[in-house]
Amino acid sequence: MAFEKVSNSVHDLNSNVQSFLHSNSEYYKLKAFKQGMKGATSLVRFLVMGFLLSTAGVMLSFALAIVISEAIGVPSSGYFIIGGFYLIVFVLIFIFGKEPIEKLVLRKFSKAVFDDKND
């Protein structure tokens, strides 16, 4: 009799532990999926906004180059001036911008993925 009670208790304990582990693993799978989707949607949003901003920048650059060319009177001068400006900006970002850009991107994506106030 006592052996049956112990056997049943051990069986119940084993069943409860397996149920707990299964529930726990499902919870962490769901949490990982949620965080992954937050990161993916943030990435897609970032890419779409970047595409739209870069398209607007290209259009404005062409317009500004045309205005500069007409003001100077030499047809290609505006394009060279705008191109030189972007080359200078590129060199400055290449030299000084690595760390600030990494910090900005890391901060933005960390906030998007790990901000649990919407839970």
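Read-outs: derived from the displayed coordinates by stated rules, not from any lab. For clarity, every value in this text was computed on a predicted model and none was experimentally measured. Counting neighbours? That spans all protein chains shown, and the Cβs are built from the backbone with ideal geometry, glycine included.
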In whole angstrom, the spacing between the Cα centers of the stretch 1-35 and the stretch 37-86 equals 58
Listed by chain and number, the lysines with an alpha carbon less than 26 angstrom from that of residue 98, same-chain partners under 8 positions apart left out, are 38, 108, 111
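Explain nothing, just the number: dipole magnitude of the stretch 41-119 about its Cα centre with +1 on each Lys and Arg Cβ and -1 on each Asp and Glu Cβ, in debye rounded to the nearest 20. Provide the component values of the computation, followed by the final result.
Values: 7 positive and 6 negative charges, 31 e Å.
Using only the charged Cβ atoms, the result is roughly 140 debye.
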For the stretch 2-114, averaging the sequence separation of alpha carbon pairs under 8 Å that lie six or more residues apart and dividing by its residue count, the contact order in percent is 28
Volume per residue (Å³) of the convex hull spanned by the alpha carbons of the stretch 2-114 is 111
For the residue 94, residue 20 Cβ pair and Förster radius 41 Å, calculated FRET efficiency rounded to 0.05 is 0.15
For residue 110 and residue 63, extending 7 Å from Cα along the Cα-Cβ vector and measuring point to point gives, in nm, a value of 3.8
